[in-house]
Amino acid sequence: MAAIRLYATLRARAGGEREVDVGLQPGASIGDAILALLARKPALEGHILDDAGRVVPYVSVFIEGRDIRYLDGLATVLSDGDEIAIFPPVAGG
Amino acid sequence: MNLGGYADRIARVDLRSGGVAYEHIDEVDARKYVGARGLGVKYMLDNGPAVDPLGPDNLLCFMNGPLTGTDVTMSGRMAIVTKSPLTGTVTDSHHGGWSAARLRWAGFDGLLFKGRSAKPVYAFVEDGKLELRDASDLWGKGVHETVKTLLARHGADTSVIAIGQAGEKLVRYASFLNENDRASGRGGTGAVAGSKQLKAVVVTAKKAIPKAKNKDAFKAAHQRALAVLMDEATVTSPRKGGLSVYGTNVLMNITNTIGALGAKNSQQTTFAAAEEIAGEKIKETILVHDPTCHACPVACKKEVETHGKYAVHMESFEYEPAWSLGANCGNANRESIAFLIDLCNDYGMDAIELGQVLGMAMEASEKELIKERIEWGDTDRMVQLTHMVGRREGIGDTMAEGTQRAAEKFGDINMAMTVKGQSTPAYDPRGLKGMGIAYATSNRGACHLRAYTPASELLGVPEKTDPLAWEGKGKLTKLLQDLHAVSDSFDLCKFSAFAEGPEEYAAQYSAVTGVAATGDDLLRIGERIYNLERYYNNLAGFREGSDYLPKRFLEEPSTAKGSEGHVCELDLMLREYYEARGWENGVVPESKLKELEII
C-alpha cells in the first residue's frame, strides 16, 4: 500500500480527503501510484497528468519531500513507507 | 509633466510649521524611477541618507505609481517609504485595499512628511488639497478605534491609514494599517510617524479612473494581462487557483513538505502541526469571506471569524503571520493566531517581527538566558507579551527594539534570525536556497518580497529551479529584485508576477503613460532603482560585509525530509550575485552609478 497526500484545490477535487490509499505492488513507480490515484479519484483527471501522461505544468509531486523532477521523474521507484505529496500550483507571499 | 497616469502632484508637509506646499514631479525622475518605491527612494536620497530615522529630519513618503488607481489589474497598492528605525536602511512597505486608489483619485501621486508636529495631527486629503487636523483625541487609541472614529467623521468613499499605540511608543517595527487589516507591515514606518506625531492619513475621494494616454493600446494590453491572470492553469485564477481559494497561506503545507518551514525559532525546518494552521484547514474551519482590493479579481484576502477565548473577526490571516506566530513559536492553535494577528494590527506592529522576537525569547527562556518563563506555544503568554511590546512594558520594552537588539541584550546574538536588523520571513533558506541570497542582499533587511525566489523554486515562474541547488540563484535573485523593484514602482501587487511578465507590464505601462518601453527597458529601470537603494544604504554606512545570514542557516544542517543535511551556501551565491550586479562586495562602484545614470 502507498498513500498519497493531496493539497489545496486537488484535495477539494478529491472530495476533501487529505490522504488517498492506493494499492501498489513492490517496485511500483510514482507514475503507477498516480495512475492508481486517478482510478480511485476520476475527478482529478487532467489536473495531475496531461493527455500525454506528463505532470501538468506548475503541479508538483514530492516523494519524501523531494520534487520528482530532481529524482527520476514519473519513473522514480517507490520504497515502502515513502511519503508522497501532490500540490496544484501554489504561491503567495 | 506630459506623461499619462500621473496626477503630477506631490504634497510636501512641514509638520513643524504645519505648512503644505504642492509641487510637480520632475519628468526625468518619473522616467528614471517611475513612481511609488522608485521615486520615493529618490526623494529619500535627495533628503540625505544620514538622518536619524526617528528624528524630525527623516522623510516619510506615501507614494503611488503611475498605474495606481487605474483600470490596470491589481493596481491598488501604495508604498510607504522612509529610513527605517529598525534597520537604518531605506525601506518601503506596501499595502493594498483602496487607500492607494483613493489617493490617486483625490489628485495626488505622493505625500511627503517632514519635521515633527508639536501636537498629534492627522492629514486629511480631498480634492487635491491636504490639511493637518488635530488628532489629540485619537492619540493613545488603537488602529481599529482610530479607523472607526475617522470613518464616522469623514463619511463614505474614505480610507484611513493609521498607526496604533506601537507607533506612538516608537516600537521599532511599528507599522501603518490601512482599513483595519491591510498592513504596510515591515521596517517601522509606524514608528517614524509616531516620532512625528502623525497619527493617520485620511483620504476621501470618489472613483475617478485616470485615462490612459493610448486608449486602444491600453485596451489590448489590459485584456492580455487579464487573460493570463485568469487562466485556469495559474495560481491567480479567480476562485480556481490556489492563491485565490486559500490565500497566501496555501504555502504552509508545501514549505513544510520540502523542509523549508522554520519552527521554534528556526531550530527546526519542519513543523509537525503545520496542517492545523495551513490555508486548507483555515478554509474548512474559520474562513467566512474572501475580500479583495481595488481592481483585483484574485481576492486573496482571507477573512476569518473565531469564537470563545480568542474571539475575533479579521481579514488578514496570511501565510507570514500564521508562520511567525504559529510554527515559529511552536503554536498550532489557529484561533490564537487570528487573535494575535488582529492584536498586532490594532497596536500597529509588524507581525513577522513580533513572531520572531517571541520565538527568540522562547529560545532564550529555554536556555535560561532570561529570568522570564516563556514556553513554546503558550498562547496566553504570547497575547500578554504582545500587549507588553505594544505598550513597551517590562520585557516588552526590550522586545520592542526588534529581534536583533533584544537577542543582543538577552546575551546570544545567534538566536536572532535577522539580516541588517530585520527578522527573516517564513521560508527557511536551508530548504529554499534562493531565499538565502535574497534575504542577505535585500536592501531593506531580511525580506521575501524583494526577490520572491519561491516563484521559481516552488511554482516554476519564470522557470523551474531546484530549491536545493545554489547554482544560478544569485542571477535569479538579481532578475527578480529588478522585476519587483519596477512593479513596486508602478505600484502593482507582486502576485501579478505569478502570471504576468515584463512584457505584459511594459505594454500596460506604455499605454497608460505614453512612454515607449519594452520588458528589457523595465528591467533596466528596476536595476537602476535597486542600485539607487543600495547607493543610499552605502552612504548610510552599509559597506562591505553587510550582506549576511544568521549563523544558524549557514552552520546548522536541516534535519527535515526534503532538505535533510542541507545548510545555505551563501558565500557561493554572493559571489555569483555580486558578479551579476557589478558590485564590489556589496558596494555600488561609481562606474555602475554612472552607467545607470544615477549620478
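Read the figures in this text as sums done on the coordinates, not as results from a lab. Since this is a predicted model, take the numbers as computed values, not measurements. For neighbour counting, all protein chains shown are included, and Cβ atoms are generated from backbone atoms with ideal geometry for every residue, glycine included.
Annotations for the structure displayed:
- Cα-Cα separations in the range B:344-448 greater than 25 Å, expressed as whole percent: 18
- Theoretical gain in end-to-end length, B:K371 to B:L151 [0.36 nm per residue, Cα-Cα removed]: 74.8 nm
- Relative compactness, the range B:261-423, computed as alpha-carbon Rg over 2.2 N^0.38 Å: 1.02
- With a Förster radius of 41 Å applied to the C-beta separation of B:K215 and B:L572, the computed FRET efficiency comes to 0.25.
- 12 Å beta-carbon shell around B:K475, net charge (K/R +1, D/E -1): -1
- Neighbour counts of other Cβ atoms within 10 Å put B:M573, B:M314 in the fewest-to-most order B:M314, B:M573.
- Exercise: per-residue mean of other protein chain Cβ atoms within 10 Å, A:56-67: 6
- Across the protein assembly as shown, Cα-Cα distances exceeding 49 Å account for 9% of all pairs.
- The trypsin sites (Lys or Arg not before Pro) of the range B:342-409 that meet both conditions, a loop assignment by DSSP and at most 14 other Cβ atoms within 10 Å of the site Cβ, are B:K367, B:K371, B:R373.
- Extension gain, B:D397 back to B:K551 (0.36 nm per residue minus Cα-Cα distance, nm): 52.9 nm
- For B:K206 and B:E131, the FRET efficiency from 1/(1 + (r/R0)^6), where r spans their Cβ atoms and R0 equals 22 Å, is about 0.75.
- Here the Debye sum runs over all C-alpha atoms of chain B as equal scatterers in vacuum, and log10 of I(q)/I(0) at q = 0.06 Å⁻¹ comes out as -0.26.
- Tail weight of P(r) past 26 Å, computed on alpha-carbon pairs of the range B:10-204, percent: 21
- Estimated 222 nm signal from helices in chain B, with DSSP H stretches of n ≥ 4 weighted -39500 (n - 2.57), rounded to 500: -11500 deg cm²/dmol
- Theoretical FRET efficiency, 1/(1+(r/R0)^6), r = Cβ-Cβ of A:R54 and B:E471, R0 30 Å, to 0.05: 0.75
- Cα-based shape type of chain A, given that a ≥ b ≥ c are square roots of the gyration tensor eigenvalues and the cut on a/c is 1.5: rounded
- Inter-chain shielding of B:488-495 (mean C-beta neighbours from other protein chains, 10 Å cut-off): 1
- Model label zone, B:D380; criterion: amide N under 14 Å from point 7 Å along Cα-to-beta-carbon; scope the range B:303-342: B:309-310
- Chain B: DSSP helices with Cα axial extent of at least 15 Å and average Kyte-Doolittle hydropathy no lower than 0.5: B:351-366
- For the range B:190-306, convex hull of alpha carbons as volume per residue, Å³: 209
- Across peptide B:453-460, the mean count of Cβ atoms from other chains lying within 10 Å of each residue's own Cβ comes to 4.
- Loop-located GluC sites (Glu not before Pro) in the range B:494-586, at most 12 other Cβ atoms within 10 Å (DSSP): B:E544
- Low-density loop cleavage sites - GluC sites (Glu not before Pro) in the range A:12-93, where at most 16 other Cβ are within 10 Å (DSSP): A:E17, A:E45, A:E83
- With 5 Å bins from 0: P(r) over the range B:440-537, alpha-carbon pairs, percent: 3, 13, 24, 25, 18, 12, 5, 1, 0
- Peptide packing for B:471-480, B:122-131 was compared via the average number of neighbouring C-beta atoms within 10 Å per residue; ordered from the highest value, the list is B:471-480, B:122-131.
- Solution diffusion estimate, µm²/s, Stokes-Einstein, the range B:305-365, Kirkwood Rh from C-alpha pairs, 37 °C, viscosity 0.692 mPa s: 287
- Distance (nanometres) between label positions extended 7 Å along Cα→Cβ at B:V20 and B:E584: 4.7
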